[in-house]
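Written below as structure tokens is the structure these notes are about.
The values are calculated or read from the model by the stated rules, or taken from the named source; none is laboratory data. What you see is a predicted model; the values in this text were computed from it and never measured. Don't worry about glycine lacking a Cβ; one is built from the backbone with ideal geometry, like all the others, and counts go over all protein chains shown. These area figures cover heavy atoms from the full protein model, side chains too; ligands, DNA and RNA do not enter into them. Shrake-Rupley method; radii C 1.70, N 1.55, O 1.52, S 1.80 Å.
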Amino acid sequence: MNRRPTLLAALALTATAALTLSACGGGSDEGSAKDKGSDKIAGADTGSEKSAPPSESAPATEGRPKIELPSDVTLVFEGGKTGDQVKDAVLADNAERMRAVDAAIAGTDTNGEALAFYNTGKALEAALSWVNQFEEAGATMTGEVRYYDRKVTIEGEKSAVLIFCADESKGFSKDKKTNKVHKTPVTKNSYVLYNTKLDKSAEGVWQTSQIVSSRGTAQCQP
């Protein structure tokens, strides 16, 4: 493994029509999990809002799956409150999607219930493929991923676009058998730009349907 598992973007990314996967977690930058032993994991959001304690399940509301991450995996989401109820809902469901992908890779969501709940269409196909690559490579993830500069554009009652950055400089892939962490130096490619499309389901869930990612983009550099 020599490329970071751009898990977040890669997982849900099999771009349809306008959007095409490319970087972390769902884009062409994904590569195969077997080539990412030294890759880092990605995150997404803006603000100073942290996810639920790693060892605890994220708050579950009625009808929604509970998501739990290993104690060595932390996702930080910044800028989760905009003051606009719809935008805040988009940001919240995007954060749950990221957690769901990591949970599937880490093995805390073995049935992929949350993964299917927060992804749809091409994004779901990409997410399942990405998780499978980790499984085949015998790899999982560890560390911290921070999501920031999250900007939502509402495009109707049931459609929205969310663009955000991910800092994967502290996230890495880990061998399941040996627990060896594949650390890599921090470079411009440790920062990823995500462009995602979300559609509101009949149940009121903002599901990610398309996602494109670009590693090393200038606007995400610290």
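Of all the listed residues (K188, K197), the sole one being within 21 Å of G80 (Cα to Cα) and open to solvent by 10 Å² or more (accessible area, probe 1.4 Å) is K197.
Residues that are part of a loop (DSSP other than H, G, I, E, B) and of a type outside the set (A, V, I, L, M) were ranked within the stretch 183-208; the one that is nearest to D88 (Cα to Cα) is G204.
Right, S190: among the polar types (S, T, N, Q) and at pLDDT 95 or above or not?
Spelling it out, S190 is indeed among the polar types (S, T, N, Q) and at pLDDT 95 or above.
Would you please list the contacts, defined by Cβ atoms under 6 Å and residues six or more apart or on different chains, that run from a residue in the stretch 104-123 that is without any contact (Cβ under 8 Å) to a residue 60 or more places away in the chain to a residue that is open to solvent by less than 50 Å² (accessible area, probe 1.4 Å) and in a loop (DSSP other than H, G, I, E, B)? Filtered contacts from the stretch 104-123: A106/P70; E113/P65; A114/P65; A114/I67. For the condition open to solvent by 60 Å² or more (accessible area, probe 1.4 Å) and touching a strand residue (DSSP E or B) at 6+ places or on another chain (Cβ under 8 Å), K174 does not qualify. Annotation: E157 fulfils all but one of (1) over 22 Å from E68 (Cα atoms); (2) in contact with a helix residue (DSSP H, G or I) (Cβ under 8 Å, 6 or more places away or on another chain); the unmet one is (2). For V131, the test of being open to solvent by 20 Å² or more (accessible area, probe 1.4 Å), modelled with pLDDT under 95, on the phi < 0 side of the Ramachandran plot and β-branched (V, I, T) is passed. Looking at I211, is it part of a strand (DSSP E or B), in contact with a Phe, Trp or Tyr (Cβ under 8 Å, 6 or more places away or on another chain) and farther than 18 Å from R99 by Cβ? The answer is no for I211. Filtered by the rule that a residue be open to solvent by 30 Å² or more (accessible area, probe 1.4 Å) and part of a strand (DSSP E or B), the stretch 134-160 gives E144, R146, D149, K151, T153, I154. Scanning the stretch 105-116 for residues that are within 14 Å of the chain's Cα centre (by Cα) and of a type outside the set (G, A, S), we see that the one that is surrounded by the fewest Cβ atoms within 10 Å (Cβ to Cβ) is L115.
What are the pairs, 6+ residues apart or on separate chains, where a residue within the stretch 82-100 that is farther than 27 Å from T140 by Cα has its Cβ under 7 Å from a residue that is of a type in the set (V, I, T) and assigned to a loop (DSSP other than H, G, I, E, B)? So the pair list comes out as D88/T82. Scanning the stretch 96-112 for residues that are of a type outside the set (G, A, S) and not in a helix (DSSP H, G or I), we see that the one that is modelled with the highest pLDDT is T108. Would the stretch 211-219 turn up any residue that is open to solvent by 10 Å² or more (accessible area, probe 1.4 Å) and touching a helix residue (DSSP H, G or I) at 6+ places or on another chain (Cβ under 6 Å)? Within the stretch 211-219, one or more residues are open to solvent by 10 Å² or more (accessible area, probe 1.4 Å) and touching a helix residue (DSSP H, G or I) at 6+ places or on another chain (Cβ under 6 Å). Among the residues of the stretch 33-45, are any at pLDDT 95 or above and in contact with a helix residue (DSSP H, G or I) (Cβ under 9 Å, 6 or more places away or on another chain)? No, there is no match, as no residue in the stretch 33-45 is at pLDDT 95 or above and in contact with a helix residue (DSSP H, G or I) (Cβ under 9 Å, 6 or more places away or on another chain).
The residues on offer are A166, A127, and the sole one that is of a type in the set (G, A, S), within 14 Å of the chain's Cα centre (by Cα) and in a strand (DSSP E or B) is A166.
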